[in-house]
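Remarks on the structure that follows.
The values are calculated or read from the model by the stated rules, or taken from the named source; none is laboratory data. From a predicted model like this one, the values you see are computed outputs, not experimental measurements. As a convention, Cβ positions derive from the backbone with ideal geometry for all residues, glycine included, and neighbour counts pool all protein chains shown.
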Amino acid sequence: MTRSIETIDQTYVWHPFTQMKQYTETKPLIIERGEGAYLIDVDGNRYLDGYASLWVNVHGHNDSAMNEAIIAQLGRIAHSTLLGAGNVPSSLLAKALVERAPGPLSKVFYSDTGSAAVEIALKMAYQYWKNEDPKRYEQRNLFVSLEGAYHGDTIGSISVGGVETFHGVFEPLLFETIQVPSPHPYAYESEDEAMRVSLEALEHVFQTYGERISAFIIEPLMQAAAGLIRHPDGYLKAVESLCRMYDILLIADEVAVGFGRTGTLFAVEREGVEPDLLCLGKGLTGGYVPLAVTMATDRIYDAFLGTGYDDRTFLHGHTYTGNQVTCTAALKNIELFDERNVLGHVRKTIERIQPSLRRLEALDVVGDVRAQGLMIGVELTSDRATKRVAPTVWAERVVEAMKERGIIIRNIGPVLTIVPVLMMAHDDVERILTTLYDVLRERTFE
Ligand code: PMP
């Protein structure tokens, strides 16, 4: 049975972000079950989920409260369309999100993946200006983002992305965007310098292109796929001020950093920032089912009000927009955030792991440890003094060694990324960091 499911997987499934030739040449990991913070494979091996099943899992796997809510909804209805009709869970979820969202975000537009949520935000921003004044804003089609940005895999979202390895091949298909340096302290002499260079470049772009820019899009506080780049405190607030000064819309892509990852429900709350558009995905449903949203302010929404279908309407929608099962999962997730004090748990975990992070930092092979909430990046170096980037294969071997010790983490190039299930027990999070320390100290990966 085990052998055959592995073969079936390797014969029929095309995996994402995966070189399939390599994948089909090695024994695959096939997950069969989940239990709390553990994943269990078809051979019965247990692994601590140190990447929250790609940054999504909040309460643990196979949580009975989550399961029961989803099953109860299935007993009512699984899906009906949001085109021309509403439904109960999508109405209640929109209300719950608006009540918790920062600032004047007052409307919720549903989709099913983070990429779609970003695509929608870009289209809304672009059309917003068109609706405001089609003549004046005829040329307002530029977007600005950060170097190394990652906002998803659709053509629109990769247009504003800046990860060469992911996006390079599609270059001829992408629309024009402008990228400014990311405030990555490790790449500069100091946090202050990183922040100054980035903000000066941003202001220069705003001054130069002004009314040609639709919006600036940013992953608040930390750039995930860029290799967990933690922005200096105060950077996001300064970005918001520049956007306001030049009247450029601010899109917060919280697909990765939202929903508790940073210790607050929304990452922008940490700096009192109020974006015009905000995207959520991943942890929104506790990591159970795919759902994403794009939230908008009244300023944006009102510009789409018109007299008929052809007049200002946002002509966008997906088949499963507002699906009842996914919205129910998100509603239950939010309820459990309060009931189980998820944010309190996250904050305590962050506090508890500080000594372990400092210990990692002291290792010779570690160039940088950067943490923002429960997102931890450990960048390997082959020469600390010059910050020489370690070969990616080192990080890959560390990931493999961790797996052999029953812990799943991932690497982005030379950066090891630890993104635990939010409600993972403190001792389990500590176990990940202690095991990583041992693996790095033993240096068997060289
Ligand atoms: N934005 C950010 C910041 C992300 O990290 C991701 C996915 N990792 C996305 C958007 C795209 O989300 P999805 O994979 O659900 O399309």
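Worth a mention:
- Hits in the stretch 179-193 - residues which are polar (S, T, N, Q) and either within 19 Å of Gly161 (Cβ to Cβ) or buried (at least 18 other Cβ atoms within 10 Å of the Cβ) (or both): Gln179, Ser182
- Screening the candidates Tyr309, Tyr320 for the property of being under 28 Å from Gln127 (Cβ atoms) and surrounded by fewer than 16 Cβ atoms within 10 Å (Cβ to Cβ) yields one hit, Tyr309.
- Residue in the stretch 179-191 that is within 16 Å of the ligand (Cβ to nearest atom), assigned to a helix (DSSP H, G or I), among the aromatic types (Phe, Trp, Tyr) and not assigned by TED's automatic domain parsing to the domain that holds Glu379 present: no
- The stretch 112-135 - residue that is away from the ligand (no atom under 16 Å from the Cβ) and part of a helix (DSSP H, G or I) and, of those, surrounded by the fewest Cβ atoms within 10 Å (Cβ to Cβ): Glu132
- With respect to the conditions (1) within 18 Å of Phe445 (Cα to Cα); (2) in a helix (DSSP H, G or I), Leu357 falls short on a single one, namely (1).
- With respect to being away from the ligand (no atom under 16 Å from the Cβ) and on the phi > 0 side of the Ramachandran plot, Asp233 falls outside the description.
- Looking at Leu93, Leu83, Leu105, Leu74, just one residue is in the same structural domain as Asp302 (by TED's automatic domain parsing), out of contact with any Phe, Trp or Tyr (no Cβ under 7 Å at 6 or more places or on another chain), more than 30 Å from Phe17 (Cβ to Cβ) and crowded, with 23+ Cβ neighbours inside 10 Å, and that residue is Leu105.
- Residue within the stretch 379-400 that is small (Gly, Ala, Ser), exposed (fewer than 15 other Cβ atoms within 10 Å of the Cβ) and more than 25 Å from the chain's Cα centre (by Cα) present: yes
- Residue within the stretch 61-73 that is within 30 Å of Gly413 (Cβ to Cβ) and either of a type in the set (S, T, N, Q) or touching a Leu at 6+ places or on another chain (Cβ under 9 Å) (or both) present: yes
- Residue count, the stretch 248-282 (criterion: within 11 Å of the ligand (Cβ to nearest atom) and not in a loop (DSSP other than H, G, I, E, B)): 7
- For the stretch 289-333, a tally of residues being hydroxyl-bearing (Ser, Thr, Tyr), under 20 Å from Gly152 (Cβ atoms) and part of a loop (DSSP other than H, G, I, E, B) returns 3.
- Taken over the stretch 366-416, the criterion of being part of a loop (DSSP other than H, G, I, E, B), among the hydrophobic types (A, V, I, L, M, F, W, C) and in contact with a Pro (Cβ under 8 Å, 6 or more places away or on another chain) is satisfied by Leu374, Ala390.
- Residue within the stretch 136-147 that is part of a loop (DSSP other than H, G, I, E, B), within 16 Å of the ligand (Cβ to nearest atom) and modelled with pLDDT of 95 or more present: yes
- Number of the exception - Ala292 against (1) within 13 Å of the ligand (Cβ to nearest atom); (2) closer than 22 Å to Gly50 by Cα: (2)
- Test: residue in the stretch 104-111 that is of a type in the set (Phe, Trp, Tyr), within 16 Å of the ligand (Cβ to nearest atom) and touching a Cys at 6+ places or on another chain (Cβ under 8 Å): yes
- For the stretch 159-178, the set of residues classified as out of contact with any strand residue (DSSP E or B) (no Cβ under 7 Å at 6 or more places or on another chain), outside any helix (DSSP H, G or I) and farther than 21 Å from Glu379 by Cβ consists of Leu174, Phe175, listed by residue number.
- Test: Ser198 is part of a helix (DSSP H, G or I), touching a residue at least 24 places away in the same chain (Cβ under 8 Å) and either within 16 Å of the ligand (Cβ to nearest atom) or in the same structural domain as Gln139 (by TED's automatic domain parsing) (or both): yes
- Among the residues making up the stretch 31-52, those that are touching a His at 6+ places or on another chain (Cβ under 8 Å) and either surrounded by 15 or more Cβ atoms within 10 Å (Cβ to Cβ) or under 25 Å from His318 (Cβ atoms) (or both) are Gly34, Gly36, Ala37, Tyr38, Leu39, Asp49.
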